[in-house]
């Protein structure tokens, strides 16, 4: 009886090891990916930088901190974060667009023409200037220590700059299916 249980344990372990080796050989490429595929995936996410993405990455944390500070009534933090938003927007403009009105190397690599670059710069500058002006307005309003007006200034920046830019530069949101819409009643 003891010998049968030892044989059974050895057979079970052999089965598990064999199954693991065979499964790894069949599905290893799906689970772990080929080196070239992994490298290509990294390049897609890291090399595709644009001014809009840079602004969103830089100001998202500051915008959240502005809202948090408004909610607790920390007007000094509101002003500090709002000024940081304005500074980051100015830095992004300097980094991505040359002083002489030409797009930087990031845009030339995409193979687009200079007319499209000028149009993109004009559109980007419009929303960026709204963001800068609105964030400075938030900092100024925070100096009055009025929570409601400071929040309205933040809301104005989000609507006039952020959401307006998203409406122009992103694909529209899909409509809700009929079964998900709230029935009037």
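The values are calculated or read from the model by the stated rules, or taken from the named source; none is laboratory data. Source: prediction; values computed, not measured. Cβ coordinates were reconstructed from backbone atoms using ideal geometry, including for glycine residues, and neighbour counts include every protein chain displayed.
Among the residues of the range 18-38, is any surrounded by 10 or more Cβ atoms within 10 Å (Cβ to Cβ), modelled with pLDDT of 65 or more and under 30 Å from residue 162 (Cβ atoms)?
no
For residue 129, work out the one condition from (1) modelled with pLDDT under 90; (2) assigned to a helix (DSSP H, G or I) it doesn't fulfil.
Exception for residue 129: condition (1).
Within the range 142-163, track down each residue that is more than 16 Å from residue 65 (Cβ to Cβ) and surrounded by 17 or more Cβ atoms within 10 Å (Cβ to Cβ).
Answer for the range 142-163, where residues must be more than 16 Å from residue 65 (Cβ to Cβ) and surrounded by 17 or more Cβ atoms within 10 Å (Cβ to Cβ): just 161.
State yes or no: is residue 132 within 23 Å of residue 93 (Cα to Cα) and surrounded by 14 or more Cβ atoms within 10 Å (Cβ to Cβ)?
Spelling it out, residue 132 is indeed within 23 Å of residue 93 (Cα to Cα) and surrounded by 14 or more Cβ atoms within 10 Å (Cβ to Cβ).
Test residue 84 against the stated conditions and say whether it is part of a helix (DSSP H, G or I), modelled with pLDDT of 75 or more and within 22 Å of the chain's Cα centre (by Cα).
Details: part of a helix (DSSP H, G or I): yes; modelled with pLDDT of 75 or more: yes; within 22 Å of the chain's Cα centre (by Cα): yes.
For residue 84, the condition - part of a helix (DSSP H, G or I), modelled with pLDDT of 75 or more and within 22 Å of the chain's Cα centre (by Cα) - is met.
Given the conditions (1) at pLDDT 85 or above; (2) crowded, with 19+ Cβ neighbours inside 10 Å; (3) within 20 Å of the chain's Cα centre (by Cα); (4) more than 14 Å from residue 63 (Cβ to Cβ), which single one is not true for residue 91?
(2)
Going through the range 94-124 one residue at a time, which ones are closer than 30 Å to residue 152 by Cα and either touching a strand residue (DSSP E or B) at 6+ places or on another chain (Cβ under 9 Å) or at pLDDT below 80 (or both)?
120, 121, 124
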